[in-house]
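Student: I have a structure here, written as structure tokens, and I will follow up with some questions on it.
Quick note: the coordinates plus some simple rules give every number you see, no bench work behind them. Fair warning: this is a prediction, and the values are worked out from it, not measured in the lab. Virtual Cβ from ideal backbone geometry, glycine too; neighbours counted across all protein chains shown.
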Amino acid sequence: MLSPAELERYARHIIMQDIGGAGQQKLKQARVLVIGAGGLGAPVLQYLAAAGVGTLGIVDDDTVSLSNLQRQVIHDTDQLSEPKVASAAEAIARLNPNVKVEPHLTRIAGHNAMSLISDYDIVADGSDNFDTRYLVSDACYFAKKPLVTAAVGQFDGSITTLRPFEATTDGTPNPTYRCLFPNKPKDGHLPTCAEAGVLGALTGILGTMQAMEIIKEIVGFGENLVGRFIMFDAKSFRMETIRYKHSKKNPLSGDAPKSWPEMLELESS
């Protein structure tokens, strides 16, 4: 049940027909895992906490540095050298003490991905490299957890939602991340954020879009981004939508691995 203070805190949600008291209860009961407490993870965590998501798990093994503060707005100058999971937890406690934070001071990898992801209802991937994005998307596939994944470049960003463990009305499986990106870029093929730079406010836009999609997934209103890849160009302030479908050529089709250990073995071969 929502307390009197929570009813007041979330009043602007509760009066909305598409959310209401029932939707706010769903948010309170939800468990969301956020991969990365950086540029994307910061607004995801802030807006999900403000919205009243009951439990937020945070996976990050890094500490706060001065160069982070241009975009990672959940941290501040007084928290330099502090683990990002701790810094983010402190900020969330100040914002909304009703939210439980579960910090995971670790880097998500093959050995811990399933145990981390399986304990939550939905996952937000705000990582900054393709290895982690593929790993998280594969783990969510096997754990049967919805995934909202986003990425940013210097002036552009993208977002989509993945529910490949479900099918469309005609029985066709929903697409996986590997249907959208069949081939993982080679190491060093694309410049990192540290090498190329990134517009700080851009991460706020894409991270807020992720939070919006997660709230929609939890409450159950609107049209989700399954099979739709949204690309945002900050210079022109335009968005384009690419529709994509399940591909029988991706490694999770046909004679695909039937378990997480089999998937890890395939990836290492």
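Student: Could you tell me the relative contact order of the chain? Use alpha-carbon pairs under 8 Å, at least six residues apart, and round to a whole percent. Working shown, then result.
Tutor: On the way: 499 pairs, mean separation 49.5, N = 269.
About 18 percent, as a whole number.
Student: Let me ask you something else. Rg/Rh for the chain: what does it come to with C-alpha atoms and Rh from Kirkwood? Don't jump to the answer; show the numbers that get you there.
Tutor: Details: Rg = 18.2 Å, Rh = 19.1 Å.
With Rh from the inverse mean 1/r over Cα pairs, Rg/Rh is 0.95.
Student: Still on this structure, please answer the following. Report the calculated FRET efficiency for SER259 and LEU190 (r = Cβ-Cβ distance, R0 = 30 Å), to the nearest 0.05.
Tutor: Details: r = 31 Å, r/R0 = 1.02.
After rounding to 0.05, the efficiency reads 0.45.
Student: Loop-only check: which trypsin sites (Lys or Arg not before Pro) in the stretch 93-188 are DSSP coil with at most 15 other Cβ within 10 angstrom?
Tutor: On the way: sites: ARG94, LYS100, ARG107, ARG133, LYS144, ARG178, LYS186; in loops: ARG107, LYS144, LYS186.
Listed in order of number, the matching sites are ARG107, LYS144, LYS186.
Student: Let me ask something else. Roughly how big is the stretch 4-268's charge dipole about its Cα centre, with Cβ charges of +1 (Lys, Arg) and -1 (Asp, Glu), in debye to the nearest 20?
Tutor: Details: 26 positive and 31 negative charges, 140 e Å.
With only Lys, Arg, Asp and Glu charged at Cβ, the dipole is about 680 debye.
Student: Let me ask something else about it. Is any residue of the stretch 43-72 close enough, with backbone N under 19 Å, to a label point placed 7 angstrom from the Cα of SER3 along the Cα-Cβ axis, and if so, which?
Tutor: 49-56
Student: Moving to a separate point now. Pick out, in residue order, every one of the GluC sites (Glu not before Pro) in the stretch 149-238 that is DSSP loop and has at most 12 other C-beta atoms within 10 Å; say none if there are none.
Tutor: GLU166, GLU223
Student: If Rh is defined by the Kirkwood formula over all Cα pairs and Rg also comes from Cα, what ratio Rg/Rh do you get for the stretch 1-110? Show your work: numbers first, answer last.
Tutor: Details: Rg = 14.7 Å, Rh = 14.4 Å.
Looking at the stretch 1-110, the ratio lands at 1.02.
Student: Return the Rg/Rh value of the stretch 1-62, two decimal places, where both radii are evaluated on C-alpha atoms and Rh is the Kirkwood radius. Can you show the working numbers first?
Tutor: Details: Rg = 12.9 Å, Rh = 12.4 Å.
Using Cα coordinates only, the ratio equals 1.04.
Student: Okay, next question. Volume per residue, Å³, of the convex hull around the alpha-carbon atoms of the stretch 62-175?
Tutor: Details: hull volume 15.5 nm³, N = 114.
Per residue, the Cα convex hull of the stretch 62-175 comes to 136 Å³.
Student: With each pseudo-label sitting 7 Å past Cα toward Cβ, what's the ASP78-ASP61 distance in nm, one decimal?
Tutor: About 3.0 nm, to one decimal.
Student: If you don't mind, there's one more thing I want to ask. Pop out the ³J(HN,Hα) list for the stretch 73-79 in order, Karplus 6.51 cos²θ - 1.76 cosθ + 1.60 with θ = phi - 60°, rounded to Hz; leave Gly and Pro as x.
Tutor: 6, 7, 9, 9, 4, 5, 10
Student: If amide H atoms are built 1.01 Å from N in the plane of the peptide, which residues on other chains or at least 5 residues away come under 5 Å of the amide H of ARG228?
Tutor: Those qualifying (amide H under 5 Å, at least 5 residues apart or on another chain) are THR161, TYR244.
Student: Once the mean 1/r over all distinct Cα pairs of the stretch 128-237 is inverted, what Kirkwood radius in angstroms do you read off?
Tutor: Details: mean 1/r = 0.0667 Å⁻¹.
One decimal place: 15.0 Å for the Kirkwood radius.
Student: Turning to a different aspect of this structure: By count of other Cβ within 10 Å, fewest leading, how are LYS26, LYS249 ordered? Don't jump to the answer; show the numbers that get you there.
Tutor: Values: LYS26 19, LYS249 9.
The order, fewest Cβ neighbours first, is LYS249, LYS26.
Student: Can you give the charge dipole size of the stretch 70-155 about its Cα centre, rounded to the nearest 20 debye, using +1 on the beta carbon of Lys and Arg and -1 on the beta carbon of Asp and Glu?
Tutor: Numbers: 8 positive and 11 negative charges, 34 e Å.
I would put it at about 160 debye.
Student: Would you give the gap between the C-alpha center of the stretch 164-210 and the C-alpha center of the stretch 90-152, rounded to a whole Å?
Tutor: 14 Å
Student: Return one quarter of the surface area of the convex hull spanned by the alpha-carbon atoms of the stretch 137-188, equal to its mean projected area, in nm². Please list the in-between numbers first.
Tutor: Working: hull surface 18.4 nm².
For the stretch 137-188, the mean projected area of the Cα convex hull comes to 4.6 nm².
Student: Given the -39500 (n - 2.57) contribution per DSSP H run of 4+ residues, what per-residue ellipticity at 222 nm results for the chain, rounded to the nearest 500 deg cm²/dmol? Before the final figure, lay out each step's value.
Tutor: On the way: 11 runs with 99 residues, N = 269.
Value at 222 nm, helices only, nearest 500: -10500 deg cm²/dmol.
Student: Across the chain, where is the longest run that never hits chymotrypsin sites (Phe, Trp or Tyr not before Pro) in a DSSP loop with at most 15 other C-beta atoms within 10 Å? Before the final figure, lay out each step's value.
Tutor: On the way: sites that count: PHE155, PHE165, PHE221, PHE237, TYR244.
That would be 1-154.
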